[in-house]
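**Student:** Quick one: the structure is below, and I'll ask about it shortly.
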Amino acid sequence: MKRTSNRFSVTVILIAVACVVFVVGTAGAASRDDVLEVLQSIVATTDDPGSANSGLKVWANEGDNLPLEEGSPIAFHFQSQEDVHLTAMYLDADGQLVLLYPAPNGTMLNGNEQLDLEAGGATTPYGLESLFVVGSKTPITRKALGIDSQDAYAVLSHDEAVAAAQKLRDIVAQGGGAAPGARVDLHIIPARSSANGYTRGGIVQYFTEATRSVHRPKLELEINFETGSSELASDVRNDLDVVGQALQDERLSEKRFKLVGHTDQRGDADYNMQLSESRAESARQYLIEKYEIDPDRIDPIGMGESKPMMTGTDANTMRRNRRVELELVR
């Protein structure tokens with residue numbers, strides 16, 4: 001059985017908090033880390049990050065964990081084996097915390113029922129956004145979280161966010177029918193202008209404006225490789241050309257980056273580590289030689305198979321995991 005909650009729009013929320021974003025500025029990264037550290041402590045330690053001890057299951061869209069381009073639809077889905085009261089907090093890449101549940105009059109998720117929350121379209125700020133959810137036998141009221149707002153979705157200031165997160169952590173720690181919760185991550189990226197990838201301006205905007213409050217912004221590049229190879233194909237060079245042009249832009253000319261190489265899980269772990277380092281170095285050398293980028297601005301890093309973008313063994317999953325990421329060094 002399914003039921004759909006009242007639609008909320010991430011875009012509307014961002015408009016509502018626009019007046020506080022400029023105050024957050026570059027301090028937003030520290031503010032986000034403050035809230036994130038507290039909320040992470042309520043997450044169930046389990047092999048499946050979308051499952052909690054109460055039988056609560058939470059996922060976004062189709063549950064495939066793919067990066068979401070700006071404008072892509074977002075929907076959250078909630079299921080529980082038992083009747084539980086929901087508490088859900090959404091932390092965006094700028095550190096803004098929004099209380100989605102409970103509603104002013106509470107939110108009940110009945111056992112074996114699915115609750116769907118349509119979250120509008122993905123929008124700025126780009127970067128990592130996270131949903132934290134707790135299911136409890138007794139209601140966790142807004143008053144118990146120190147939240148006075150009666151808005152359907154309460155946008156919290158930094159101080160309110162830290163206090164509410166701490167109160168939720170304490171409630172979970174004390175038991176009383178509140179089980180450790182679930183976390184779902186979304187990675188919001190700029191929309192690609194075409195099948196060939198990002199534009200020069202899009203990359204510059206991403207690393208200068210859209211992620212100004214993100215501690216370590218990174219961009220998933222479509223720089224894929226054949227199995228066991230670090231040689232750049234012609235279509236990969238086209239994508240790197242856009243990156244090279246962006247790194248020449250005066251707004252990025254003084255910034256340093258990491259090129260982080262990844263492999264799929266096939267093969268020996270040590271071999272994969274060396275292969276990922278070779279892939280990052282191949283991309284780095286291309287940028288240095290063709291665009292005369294200062295070698296000191298680009299640090300090649302190999303992660304091997306340790307950080308897959310997707311889980312699974314099908315051909316598409318393997319291809320997506322063989323990649324290079326561009327990460328800004330603050």
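**Student:** What nm value, rounded to one decimal, do you get for the distance between Asn112 and Ser72 when each label is placed 7 Å out toward the C-beta?
**Tutor:** Each label point is offset 7 Å from its Cα along the Cβ direction, giving 3.4 nm.
**Student:** Give the aspartates and glutamates whose C-alpha is closer than 20 Å to that of Lys167, dropping any in the same chain fewer than 8 places away, or say none.
**Tutor:** Once the sequence-local aspartates and glutamates are set aside, what remains near Lys167 is Asp33, Asp34, Glu37, Asp92, Asp148, Asp151, Asp159.
**Student:** Given R₀ = 35 Å, what would the calculated FRET efficiency be for Tyr271 paired with Ser41, taking r from the Cβ atoms and rounding to 0.05?
**Tutor:** 0.40
**Student:** What percentage of all Cα-Cα pairs in the range 261-330 are separated by more than 17 Å?
**Tutor:** Of all Cα-Cα pairs in the range 261-330, 45 percent lie more than 17 Å apart.
**Student:** What percent does the relative contact order of the range 70-193 come to when contacts are Cα pairs within less than 8 Å and at least six residues apart?
**Tutor:** Rounded, it is 33 percent for the range 70-193.
**Student:** For a footprinting-style exposure proxy, rank Ile293, Ile188, Ile288, Ile223 by other Cβ within 10 Å, fewest first.
**Tutor:** Working: Ile293 19, Ile188 23, Ile288 15, Ile223 26.
Least crowded to most crowded, the residues run Ile288, Ile293, Ile188, Ile223.
**Student:** Starting with the fewest neighbours, write out Ile171, Ile42 ranked by other beta-carbon atoms found within 10 Å of each beta-carbon. Intermediate results must be reported in sequence, preceding the final value.
**Tutor:** Working: Ile171 20, Ile42 25.
Lowest to highest Cβ neighbour count: Ile171, Ile42.
**Student:** Still on this structure: Label Ala191 and Ala152 with points 7 Å out from Cα along Cα→Cβ: what is the distance between them in nm?
**Tutor:** Placing both labels 7 Å along Cα→Cβ, they lie 2.4 nm apart.
**Student:** Which ordering of Thr208, Thr313, Thr123 is given by a fewest-first count of other beta-carbon atoms within 10 Å?
**Tutor:** Ascending number of Cβ neighbours within 10 Å: Thr313, Thr208, Thr123.
**Student:** For Lys255, give me every one of the aspartates and glutamates with a C-alpha distance below 15 angstrom, ignoring sequence neighbours fewer than eight places off in its own chain.
**Tutor:** Output for Lys255: Glu209, Glu292, Asp294, Asp296, Asp299, Glu327.
Every number here is computed from the coordinates shown, using simple stated rules; none is lab data. What you see is a predicted model, and the numbers here were worked out from it, not measured in a lab. Counting neighbours? That spans all protein chains shown, and the Cβs are built from the backbone with ideal geometry, glycine included.
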